[in-house]
Amino acid sequence: MPAPALTLARAAGRLSRGLGRGGGTSLPGKVLLRLRPGAVAELAADLPRGATLISATNGKTTTARLTTAAAKGAGWRLIANTAGANLLSGVATALLDGVAAEPNADAALFEVDEAALPEVARQLQPRVVVLMNLFRDQLDRYGELERLVQDWAGMIDDLPSDATLVLNADDPAVASLHDARRKTLLFGLDDPWLALPALPHAADSTRCRRCGARLVYEQVTVGHMGHWACPDGHLARPQPDVRAVRVRLEGTEGLALRVVTPAGEIEATPRLPGVHNAYNVTAAIAAALAMGVPADGIGDAVGGAAAAFGRGERVALDGRELVLLLAKNPAGANETVRTVLLDPEPLHLLIALNDRTADGHDVSWIWDVDYEPLLGRIAQLTVTGERAHDLALRFRYAGMELGRLRVEPHLERAMDAAVADAPVGATVYVLPTYTAMLGMRQVLVERGAAAAFWRDG
């Protein structure tokens, strides 16, 4: 590739960081792609182990981090977009920086936006593609799930013949993409202890993709995921190759898993809370095996990985611990509610709602979140962000009394108030949408409590 194109693109990143416009995680890639539209394919062409792509509505950042830890634990030299820039420009930037930092890299591993996945896959021609879940999210951008399923199906048709698919057997939409002609590794949760009492009212993919009949569930785990079947026998959850047969939730501190795989049992104890993270860990184990990472070190590597920024991240501030749990759609928010309820102490909550492009302009999704179980457990709730009053209205309709509810649209003032409400040594759970999370983390960075997200990983 011509050196001037690389030089100009890298200079754009330095300029972005120097002007305080961010970490330069996307701009260099945009410049490079303008100069060399095929740059992604060119930069990845010489990677001996090729590229792995991970996509999902929820959990792709965490799963990519865990998979990266497994590969690096096995001694692989890896290029990855650990800062979370997951459009084509972010992938291009990660490759641009990666080939400079790791000129002898073995492989690349990227989390990829759901809508961007077909184009990224077309350019990278990956050896492994991990498809984890599809939930309603940013409807003003993505449209309905059916469109994404169709786009992903077309992407799969165009993959190299030797590519391996890693699919979530528990998600009916994702499992429907199983192609018997391709190498496939299926994963899922097989611990009945995780079952919900009923299908959540906000569940998405609940009908048979062949006949339209409402699916029946032997077990529901997260949203519409679980052990499902068409009542007329057309489709059913396939048997996973990688199965979490024992999952124990260690409060809000972490998990303990025993996972059965074709390469033997793997145990992991990551410091990541919640059933949703059991899926992320199981997906990461399946992804690492599909990549060719030896099984014997995967459990320790996954268990030792730190949480990604804003996804279970813990930050000390003024004698309290903030736990940041990204909540950007009904399924994800319901899981954060389910997770914080594992804490037996009275809950101090800070919930933030923005409506920028990266969040989705339509915030009506908050009415599909089951906030009601929190009401009897909340010591103090602060709502913030550009749509703080929408959140306040949602909680008032749920039955939240004004004495325990504060409305403060300004993120930094809201954070200070929520922290001041909590006793020294207590935990404050922060449930922000994406741009609100970035805004809060910027405050924490300025105060020296956290590192900038582009230095994460």
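Tabulated values for the structure
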item: Only listed residue being aliphatic (A, V, I, L, M), surrounded by 24 or more Cβ atoms within 10 Å (Cβ to Cβ) and touching a helix residue (DSSP H, G or I) at 6+ places or on another chain (Cβ under 8 Å), chosen from ALA70, ALA100, ALA115; result: ALA70
item: 2 or more residues touching a Leu at 6+ places or on another chain (Cβ under 6 Å): qualifying strands (runs of 3 or more DSSP E) within region 327-422; result: 347-352, 378-384
item: Single residue of ALA64, ALA70 found to be closer than 17 Å to LEU326 by Cβ, at pLDDT 95 or above, part of a helix (DSSP H, G or I) and among the aliphatic types (A, V, I, L, M); result: ALA64
item: Count - residues of region 87-119 that are small (Gly, Ala, Ser) and either farther than 18 Å from LEU35 by Cα or not assigned by TED's automatic domain parsing to the domain that holds ALA56 (or both); result: 8
item: Options LEU272, LEU322: the member that is buried (at least 24 other Cβ atoms within 10 Å of the Cβ), out of contact with any Phe, Trp or Tyr (no Cβ under 7 Å at 6 or more places or on another chain), assigned to a strand (DSSP E or B) and modelled with pLDDT of 95 or more; result: LEU322
item: Flag if GLU313 is part of a strand (DSSP E or B) and either surrounded by fewer than 24 Cβ atoms within 10 Å (Cβ to Cβ) or not basic (Lys, Arg) (or both); result: yes
item: Single residue of VAL259, VAL245 found to be among the β-branched types (Val, Ile, Thr), modelled with pLDDT of 95 or more, surrounded by 20 or more Cβ atoms within 10 Å (Cβ to Cβ) and not in a helix (DSSP H, G or I); result: VAL259
item: In region 208-235, the residues that are surrounded by 15 or more Cβ atoms within 10 Å (Cβ to Cβ) and of a type in the set (D, E, K, R); result: ARG209
item: Unmet requirement for ALA41, which otherwise passes all of (1) assigned to a loop (DSSP other than H, G, I, E, B); (2) of a type in the set (Gly, Ala, Ser); (3) surrounded by fewer than 24 Cβ atoms within 10 Å (Cβ to Cβ); result: (1)
item: Hits in region 435-450 (condition: assigned to a loop (DSSP other than H, G, I, E, B) and out of contact with any Lys or Arg (no Cβ under 7 Å at 6 or more places or on another chain)); result: ARG447, GLY448, ALA449
item: Test: ALA420 is among the aliphatic types (A, V, I, L, M), out of contact with any strand residue (DSSP E or B) (no Cβ under 7 Å at 6 or more places or on another chain) and at pLDDT below 95; result: no
item: Among residues of region 73-86, those that are hydrophobic (A, V, I, L, M, F, W, C), at pLDDT 95 or above, closer than 25 Å to LEU33 by Cβ and in a loop (DSSP other than H, G, I, E, B), counted; result: 0
item: Identity of the residue in region 368-408, of a type outside the set (D, E, K, R), in contact with a strand residue (DSSP E or B) (Cβ under 7 Å, 6 or more places away or on another chain) and surrounded by fewer than 16 Cβ atoms within 10 Å (Cβ to Cβ), that ends up nearest to ARG320 (Cα to Cα); result: ALA379
item: Members of region 187-205 found to be surrounded by 15 or more Cβ atoms within 10 Å (Cβ to Cβ) and in contact with a Lys or Arg (Cβ under 9 Å, 6 or more places away or on another chain), listed by number; result: PHE187, GLY188, LEU189, ASP190, ASP191, LEU196, ALA202, ASP204
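The values are calculated or read from the model by the stated rules, or taken from the named source; none is laboratory data. Predicted model, so just to flag it, every value in this text is computed and none were measured. Using ideal geometry, Cβ is built from the backbone for each residue, glycine included, and neighbour counts are taken over all protein chains shown.
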